There are 2 protein chains.
Amino acid sequence: MVCRFFPLRLLRVLVLILVACAPVRTPKPPALDWAIALHGGAGAIPRDTPAEERDRYLASLQAALQLGVDRLDAGAGAMDVVEEVVRLLEDDPLFNAGKGAVFNLDGVNELDASIMDGRDLSCGAVAGVTTVKNPISLARKVMEATPHVLLAADGAEAFADEMGVERVSPEYYYTERRWQALQEARSKSGAEPHGTVGVVALDRDGHLAAATSTGGLTAKRFGRIGDSPIIGAGTYADDRTCAVSATGQGEEFIRHGVARTISLLMENGRTVRQAAADVVGGRLRPGDGGIVAVAADGAVAMVYNTDGMFRGAADASGRFEVHIWEAP
Amino acid sequence: MVCRFFPLRLLRVLVLILVACAPVRTPKPPALDWAIALHGGAGAIPRDTPAEERDRYLASLQAALQLGVDRLDAGAGAMDVVEEVVRLLEDDPLFNAGKGAVFNLDGVNELDASIMDGRDLSCGAVAGVTTVKNPISLARKVMEATPHVLLAADGAEAFADEMGVERVSPEYYYTERRWQALQEARSKSGAEPHGTVGVVALDRDGHLAAATSTGGLTAKRFGRIGDSPIIGAGTYADDRTCAVSATGQGEEFIRHGVARTISLLMENGRTVRQAAADVVGGRLRPGDGGIVAVAADGAVAMVYNTDGMFRGAADASGRFEVHIWEAP
């Protein structure tokens with residue numbers, strides 16, 4: 001009897017252990033031809049935002065997403081798409097980037113941006129520019145026309161001149177709303193919704209790209225650089241894993257190398273949603289912000305630990321959605 | 001017979017599979033009370049460097065290492081030790097940091113530095129400062145006295161004034177050798193050894209810290225920021241894994257998030273030497289540079305893919321060594 005049952009029972013236990021040890025394989029959905037996700041910032045967005053204002057945000061997100069959808073569907077490359085969609089968001093005064101940039105403590109608009117190509121990890125970024133209309137396009141020039149990754153402040157402005165990138169006078173960035181936000185921030189130590197715009201895309205050729213642009217924090221110290229122009233913190237793209245753009249309390253995103261960490265967790269077998277949940281839910285603190293990411297198979301993650309995040313996603317299967325608070 | 005042997009044979013096979021699946025555990029050496037490693041740059045350091053010059057470098061490395069050893073042995077905290085040892089290297093005209101900083105394309109010395117505390121991932125950094133004697137100490141002030149991580153250019157200089165950090169006139173950084181290097185770089189597209197200094201330490205309380213400081217690249221474009229002030233690229237420290245300081249072709253180190261990647265690979269079970277070898281040997285290109293790292297148990301990695309790296313390591317077991325080319 002011992003001969004008959006003991007090894008068999010042990011066998012069952014061992015088989016159970018083996019099954020428990022084996023990597024979990026869930027059935028993989030078919031890869032999508034193209035996909036895009038974008039954000040316009042995360043933070044304490046009041047639920048009682050007037051319907052008219054809410055609809056303005058949703059309309060802007062829809063227009064940006066539609067541009068990306070049209071271009072990706074027509075076969076445009078991911079790098080061109082993320083740059084073009086970020087430019088549209090930079091030109092929109094609603095978002096804290098380009099035209100709608102917030103003011104720093106000295107009443108100046110200092111802008112940061114970065115872009116990364118998943119094909120070969122090429123990347124470019126600018127920080128602390130004050131007269132460049134579309135910082136994302138200057139970031140791309142840094143990537144394409146210099147051996148460097150990051151140019152800052154006066155050096156970046158001088159480079160913009162060399163490249164013939166469109167300059168504007170500092171008054172271009174003036175919006176009454178951002179100016180009032182600075183006055184409020186100066187009079188109290190209050191926080192306003194974190195603002196940044198970002199776009200990630202997978203194109204028909206299977207390439208990934210990510211782009212992020214921001215005006216930084218209202219009332220930030222002159223010269224402060226957040227995570228948006230830091231490759232690995234606010235932006236990352238690698239064809240083998242995913243493209244990520246982050247928004248939130250930039251210092252925390254630098255500390256945890258958020259975008260790069262999501263990519264590395266995927267190298268270790270996590271899905272894009274698992275990796276994003278690990279970082280935003282497990283490593284960052286509640287209220288820090290959020291990310292949008294698209295994986296090499298077109299799966300999208302939009303994860304935040306704030307009250308809301310202006311965001312949208314679309315793909316070749318017909319998905320097309322924009323949200324501010326949790327999705328219905 | 002079937003009852004007797006078949007399950008037993010299957011059992012053996014299953015046990016073998018289980019053993020093969022189990023994580024490899026090599027016997028762990030006892031943790032060290034304290035440890036330190038430092039570098040003074042990596043690159044194409046000519047093997048026929050005159051003995052006198054070679055000995056000057058080795059003496060400087062030894063003096064810096066000895067300062068760290070004395071302080072750690074006496075119970076100083078890792079953050080104080082990495083700052084103090086980097087200050088000594090910044091004051092030494094031999095190394096490309098502080099006093100010995102190289103010139104950018106415009107003949108200006110622009111300095112970058114960063115520091116990180118493994119206890120809570122606190123960190124601070126400065127980029128593009130031109131009149132700060134010891135950028136590493138200004139980086140620490142950014143960490144301790146602002147909510148920010150990275151301040152750049154004029155904003156960082158203004159902050160130095162507020163903090164009473166020692167300023168110098170730009171002439172302070174003039175060294176004949178670096179000026180000649182700029183003239184040579186201007187006349188050809190030659191590369192010179194990558195220069196940066198960095199220190200990592202484990203203190204008697206089990207805390208890790210990392211610090212990196214540089215003058216950047218000879219003949220770099222005005223405003224260019226490399227990996228040294230980028231947390232996650234040139235510098236990282238986390239008590240749960242390791243402290244890392246990098247030196248080399250900064251753009252590549254940003255692209256691959258070198259310091260943060262080594263830490264994350266250790267989270268996934270690699271030793272510090274395995275993680276460093278994976279990144280420097282497997283992800284970077286030959287000639288890109290190197291890193292020094294110390295793990296939470298005091299194990300040290302000094303890995304480079306260039307001809308040489310100015311470096312040294314010491315620990316509580318009595319180890320004390322400095323090298324330029326491969327260790328004998």
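The values are calculated or read from the model by the stated rules, or taken from the named source; none is laboratory data. Everything numeric in this text was worked out from a predicted model, so none of it was measured. Backbone-built Cβ (ideal geometry, glycine too); neighbour counts: all protein chains shown. To get the accessible areas, we keep the full protein, side chains included, count just its heavy atoms, and leave off ligands, DNA and RNA. Shrake-Rupley method; radii C 1.70, N 1.55, O 1.52, S 1.80 Å.
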Practice task
Report yes if B:Val244 is facing another protein chain (nearest Cβ under 10 Å) and modelled with pLDDT of 95 or more, otherwise no.
Solution key: no
Problem - Selection count, the range B:276-305, where residues are crowded, with 16+ Cβ neighbours inside 10 Å, over 15 Å from the mean Cα position of the chain (by Cα) and farther than 17 Å from B:Cys242 by Cβ - result: 2
Practice task
Would you check if there is a residue in the range B:255-275 being charged (D, E, K, R), within 14 Å of chain A (Cβ to nearest Cβ) and surrounded by fewer than 24 Cβ atoms within 10 Å (Cβ to Cβ)?
Solution key: yes
Practice task
Scan the range B:84-95 and give yes if some residue there is part of a strand (DSSP E or B), charged (D, E, K, R) and open to solvent by less than 10 Å² (accessible area, probe 1.4 Å), otherwise no.
Solution key: no
Handout entry: Any chance A:Gly124 is of a type outside the set (Phe, Trp, Tyr) and either under 30 Å from A:Ser187 (Cα atoms) or in contact (Cβ under 8 Å) with a residue 60 or more places away in the chain (or both)
Key = no
Completion exercise
Over the range B:96-119, the set of residues outside any loop (DSSP other than H, G, I, E, B) and among the polar types (S, T, N, Q) is B:Ser114
Fill in the blank from the handout: Within the range A:161-173, of all residues that are in contact (Cβ under 8 Å) with a residue 12 or more places away in the chain and not acidic (Asp, Glu), the one surrounded by the fewest Cβ atoms within 10 Å (Cβ to Cβ) is A:Ser169
Problem - Single residue of A:Ala101, A:Ala158 found to be more than 20 Å from B:Ser228 (Cα to Cα) and open to solvent by 10 Å² or more (accessible area, probe 1.4 Å) - result: A:Ala158
Problem - Test for A:Arg140: is it open to solvent by 40 Å² or more (accessible area, probe 1.4 Å), of a type outside the set (Ser, Thr, Tyr) and not in a strand (DSSP E or B) - result: no
Problem - Condition check for A:Gly206: surrounded by fewer than 24 Cβ atoms within 10 Å (Cβ to Cβ), over 26 Å from A:Phe253 (Cα atoms), within 24 Å of the chain's Cα centre (by Cα) and more than 11 Å from chain B (Cβ to nearest Cβ) - result: yes
Problem - Long-range neighbours under 9 Å by Cβ, at least six apart or interchain, first residue farther than 20 Å from B:Arg87 by Cβ and touching a residue at least 24 places away in the same chain (Cβ under 8 Å) within the range B:130-155, second of a type in the set (S, T, N, Q) and in a loop (DSSP other than H, G, I, E, B) - result: B:Ala153/B:Thr130
Completion exercise
Among B:Glu110, B:Glu90, B:Glu84, the single one that is within 10 Å of chain A (Cβ to nearest Cβ) and either within 19 Å of the chain's Cα centre (by Cα) or closer than 30 Å to B:Gln180 by Cα (or both) is B:Glu110
Exercise for the section: Go through the range B:237-250 and give me each residue that's of a type in the set (Asp, Glu) and surrounded by 23 or more Cβ atoms within 10 Å (Cβ to Cβ). Expected result: B:Asp238
Fill in the blank from the handout: Counting only residues that are more than 11 Å from B:Ala113 (Cα to Cα) and open to solvent by less than 10 Å² (accessible area, probe 1.4 Å), the range B:143-155 contains a total of 2
Handout entry: Restricting the range B:214-232 to residues that are within 8 Å of chain A (Cβ to nearest Cβ) and either more than 24 Å from B:Leu265 (Cβ to Cβ) or at pLDDT below 85 (or both), the residue that is surrounded by the most Cβ atoms within 10 Å (Cβ to Cβ)
Key = B:Ile225
Handout entry: Options B:Glu90, B:Glu110; residue that is modelled with pLDDT of 95 or more and among the charged types (D, E, K, R)
Key = B:Glu90
Practice task
Within the range B:181-197, identify whether any single residue is surrounded by fewer than 20 Cβ atoms within 10 Å (Cβ to Cβ), at the interface with another protein chain (Cβ under 9 Å from one of its Cβ atoms) and without any contact (Cβ under 8 Å) to a residue 12 or more places away in the chain, and answer yes or no.
Solution key: no
Exercise for the section: Taking the options B:Arg204, B:Arg283, B:Arg260, name whichever one is under 19 Å from B:Val82 (Cβ atoms), free of Cβ contacts under 8 Å to residues at least 40 places away in the same chain and of a type outside the set (Gly, Ala, Ser). Expected result: B:Arg260
Completion exercise
Taking the range B:105-115 and keeping residues surrounded by 23 or more Cβ atoms within 10 Å (Cβ to Cβ) and in contact with a Phe, Trp or Tyr (Cβ under 6 Å, 6 or more places away or on another chain) leaves B:Asn109
Exercise for the section: Quick one: in the range A:306-316, of everything that is small (Gly, Ala, Ser) and touching a Leu at 6+ places or on another chain (Cβ under 6 Å), which residue is surrounded by the most Cβ atoms within 10 Å (Cβ to Cβ)? Expected result: A:Gly312
Practice task
Please work out which residue is farthest from A:Val168 (Cα to Cα), limiting yourself to the range A:120-137 and to residues that are assigned to a loop (DSSP other than H, G, I, E, B) and touching a Gly at 6+ places or on another chain (Cβ under 8 Å).
Solution key: A:Asn134
Exercise for the section: Considering each residue of the range B:146-167, count those that are touching a helix residue (DSSP H, G or I) at 6+ places or on another chain (Cβ under 6 Å), part of a loop (DSSP other than H, G, I, E, B) and more than 7 Å from chain A (Cβ to nearest Cβ), and give that number. Expected result: 1
Practice task
Would you be able to tell me the number of residues in the range A:247-301 that are at pLDDT below 95 and within 22 Å of A:His207 (Cβ to Cβ)?
Solution key: 0
